[in-house]
Structure formats: structure tokens, C-alpha cells
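K.L.:
One structure follows; several queries about it will come next.
The values are calculated or read from the model by the stated rules, or taken from the named source; none is laboratory data. Since we're looking at a predicted model, the values are computed, not measured. Every residue, glycine among them, receives a Cβ derived from its backbone with ideal geometry; neighbour counts consider all protein chains shown.
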Amino acid sequence: VMAKVSLTVNGQRRELELDTRTSLLDAAREHLQLTGSKKGCDHGQCGACTMIVDGRRINSCLTLAVMHQGSEITTIEGLGQPDALHPMQAAFVKHDGYQCGYCTPGQICSGVAVLAEIKAGIPSHVTADLTAPTQVTEAEIRERMSGNICRCGAYSNIVEAMTEVAGRPA
Ligand code: FES
Ligand code: FES
């Protein structure tokens, strides 16, 4: 079954006609040529496909595009571009927060959303009781980033990059 889907992607209104079974990830990659978001597993296990949808990070492989009628979607292409990097992208470069880079778009989208979650005082599993909501500890970052797998093992450098963006000494 085909359906018309209207999405705002990286600030631009996009009208698509899609098979209703199309995931948000495939809509971006195959219909909008936004190939920054990666398909690692297509099963919600790796985080390579992470996008920010209406302010929250989600695994775009696990959700259908038709479920996001009217949503505001940000992919890595919308966060920054090579000549105008987002601060999180610049920090990943500075701290070597990647090796092969396959997980990186998802890590960066998650990283941006995670710092916003902490700032907003949204509790995590480790710190159900957030006594200092603006505190960005290594444990807090690692817990909240645990859905983003990196086969190259760049984790400690990712933590350093996020710590810098959060404005705390590394
Ligand atoms: Fe979506 Fe792995 S591709 S979580
Ligand atoms: Fe290679 Fe993360 S940088 S998987």
C-alpha cells in the first residue's frame, strides 16, 4: 500500500509517496538521498541509524516513515556540513571519536540528544535520582550512549568529545 508522507527533514518540507512498510531510515537513505544515517543492523541493536525526531533520538530503522507525518527530523546532514561543523562533530574530530566512521553519524546524533536530555533533567537508568541534572559524568554519558555500538571501540574518545561539548574539563 502506498501513502503520502509529509516530513520536515533538516528544516525542509519533503513530500514523499512511500510504501507504508518503508522505515524512516530507508525513506531518508533511498528516497531523500540522505545517506549519512547508516544501516548497521536494521533491528534496533546498533544505533548507527539514530536520528533526532521531534527533539528525541530514535533508531530510525525501527520506525515507519508513515508514523512521522508532520514530524521534524534531523539527520547528521542537518546538524552540520563539512564547512560548518556542529560543535559535536568538531569535538569528535579533535578527540578521534571514530575510526572507520560507520557508527559516527548515529553516535553524533545521539550525543547531541543525550546532552540535551541531561540538561533537561531527564533521568537515566544509572541516575534515576539526578541530584545535579546538569552534571555530565562519564558514567552518565556511557549509560545513555549504550545503545550506540562502535565496533572499532572508540568509546573513550567519544566520551571525551561529549565531555568537552558539555563544557566540562576532559
Ligand atoms: Fe538501526 Fe542498527 S540500523 S539500530
Ligand atoms: Fe568504526 Fe565506530 S568508528 S564502528
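K.L.:
Those residues that are free of Cβ contacts under 8 Å to residues at least 24 places away in the same chain and within 18 Å of the chain's Cα centre (by Cα), I need them from segment 17-35; list them, please.
P.N.:
Correct list: ARG29, LEU32, GLN33, THR35.
K.L.:
I'd like to check something: does segment 87-94 contain any residue that is surrounded by 21 or more Cβ atoms within 10 Å (Cβ to Cβ), part of a helix (DSSP H, G or I) and either modelled with pLDDT under 95 or within 16 Å of ligand 1 (Cβ to nearest atom) (or both)? Steps first, answer last, please.
P.N.:
First pass over segment 87-94, keeping only residues surrounded by 21 or more Cβ atoms within 10 Å (Cβ to Cβ): 88-89, 91-92.
If we keep only those that are part of a helix (DSSP H, G or I) too, we end up with 88-89, 91-92.
Next cut, either modelled with pLDDT under 95 or within 16 Å of ligand 1 (Cβ to nearest atom) (or both) only: none.
No; the residues of segment 87-94 include none that is surrounded by 21 or more Cβ atoms within 10 Å (Cβ to Cβ), part of a helix (DSSP H, G or I) and either modelled with pLDDT under 95 or within 16 Å of ligand 1 (Cβ to nearest atom) (or both).
K.L.:
Looking at this structure, is TYR102 within 16 Å of ligand 1 (Cβ to nearest atom), surrounded by 14 or more Cβ atoms within 10 Å (Cβ to Cβ), of a type in the set (Phe, Trp, Tyr) and in the same structural domain as TYR155 (by TED's automatic domain parsing)? Talk me through it step by step, then tell me what you get.
P.N.:
On the way: within 16 Å of ligand 1 (Cβ to nearest atom): yes; surrounded by 14 or more Cβ atoms within 10 Å (Cβ to Cβ): yes; of a type in the set (Phe, Trp, Tyr): yes; in the same structural domain as TYR155 (by TED's automatic domain parsing): yes.
Spelling it out, TYR102 is indeed within 16 Å of ligand 1 (Cβ to nearest atom), surrounded by 14 or more Cβ atoms within 10 Å (Cβ to Cβ), of a type in the set (Phe, Trp, Tyr) and in the same structural domain as TYR155 (by TED's automatic domain parsing).
K.L.:
In the list GLY101, GLY44, which residue meets the criterion of being within 16 Å of ligand 2 (Cβ to nearest atom) and at pLDDT 95 or above? Spell out the reasoning first.
P.N.:
Numbers: GLY44 fails: within 16 Å of ligand 2 (Cβ to nearest atom).
When all the criteria are applied, what remains is GLY101.
K.L.:
Hey, another quick one. Which condition from (1) surrounded by 13 or more Cβ atoms within 10 Å (Cβ to Cβ); (2) basic (Lys, Arg); (3) within 16 Å of ligand 1 (Cβ to nearest atom); (4) over 14 Å from the mean Cα position of the chain (by Cα) is the one that ARG14 breaks?
P.N.:
So the condition that ARG14 fails would be (3).
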